[in-house]
1. Would you say residue 94 is within 29 Å of residue 268 (Cα to Cα), surrounded by fewer than 19 Cβ atoms within 10 Å (Cβ to Cβ), out of contact with any strand residue (DSSP E or B) (no Cβ under 8 Å at 6 or more places or on another chain) and touching a residue at least 60 places away in the same chain (Cβ under 8 Å)?
2. Need at least 3 residues that are free of Cβ contacts under 8 Å to residues at least 60 places away in the same chain and surrounded by 14 or more Cβ atoms within 10 Å (Cβ to Cβ) per element, so show me which strands (runs of 3 or more DSSP E) inside segment 99-182 make the cut, counting only ones lying wholly within it.
3. It is to be established whether one or more residues within segment 32-42 are within 23 Å of the chain's Cα centre (by Cα) and part of a strand (DSSP E or B).
4. Taking residue 19 and the conditions (1) surrounded by fewer than 20 Cβ atoms within 10 Å (Cβ to Cβ); (2) closer than 22 Å to residue 95 by Cβ; (3) at pLDDT 95 or above, which numbered condition does it fall short on, given that it satisfies the others?
5. Across segment 55-90, what is the total count of residues that are more than 29 Å from residue 167 (Cβ to Cβ), in contact with a helix residue (DSSP H, G or I) (Cβ under 7 Å, 6 or more places away or on another chain) and in contact (Cβ under 8 Å) with a residue 24 or more places away in the chain?
């Protein structure tokens, strides 16, 4: 890393109490890990500066050397390197993140969770010792996880149906009123989780469905959340690059605008779509499989990479 890049990074860290080096912007994260850290910082309510490493290759590579940390995002608090996504999630779950930010973690009341009789029977069968419980996780996208684990001092503990549920602080905040059932599905018996706090989710649109909508002349907005370098390699002609001008344009659109987001395979665009869903837009889709699936299923003239 050259000295100029090192000084730019150091000046950014020195000039801000909290700095997040990420892919994309807080309004439009371009990777799921960056989106997760943004969600956590927003939930804590702290003000922070952000640096889009995708906009500057020297910063993107330089921050890895500067922090001696191989991945993005990276969070700094009071000029101290905190870590990446997994560490930030862990600190948030224990309440230590709020303490690092100069606040105090509020006590978490155990949420009301209902475990049905059938679900309780299935869960009890998996618990092997009195020191274990059922770890129940709800991430920022309201994806759910159930696993058997040992208790730790920071767990929020909920007893329901004779089952001991162990939740981290973030999951506990999202879990109030949740019902855990065990039902038959075409693929066999499975847990069914109903959570009244779960926000509307981004819907998936297949490449063939998108092509059909193009064919009918239906009005829709298609946004490409990839990098400019990727767009130079291949693109869907009707897709607009999601830069800051496009973000501003979206925020001026009616909330019922039909908008579809795409990236290479669908991960980055899912994060972008979720962001705009959170802004109150109601008709938001992610292109399933991204431009790669579009090349395979609709237009082979679009190069794959």
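1. Against the criterion (within 29 Å of residue 268 (Cα to Cα), surrounded by fewer than 19 Cβ atoms within 10 Å (Cβ to Cβ), out of contact with any strand residue (DSSP E or B) (no Cβ under 8 Å at 6 or more places or on another chain) and touching a residue at least 60 places away in the same chain (Cβ under 8 Å)), residue 94 qualifies.
2. Output list reads 132-138, 144-150, 156-160, 163-167.
3. no
4. With (1) surrounded by fewer than 20 Cβ atoms within 10 Å (Cβ to Cβ); (2) closer than 22 Å to residue 95 by Cβ; (3) at pLDDT 95 or above applied to residue 19, the lone miss is (1).
5. Residues that pass the stated criteria total 6.
The values are calculated or read from the model by the stated rules, or taken from the named source; none is laboratory data. What you see is a predicted model; the values in this text were computed from it and never measured. Virtual Cβ from ideal backbone geometry, glycine too; neighbours counted across all protein chains shown.
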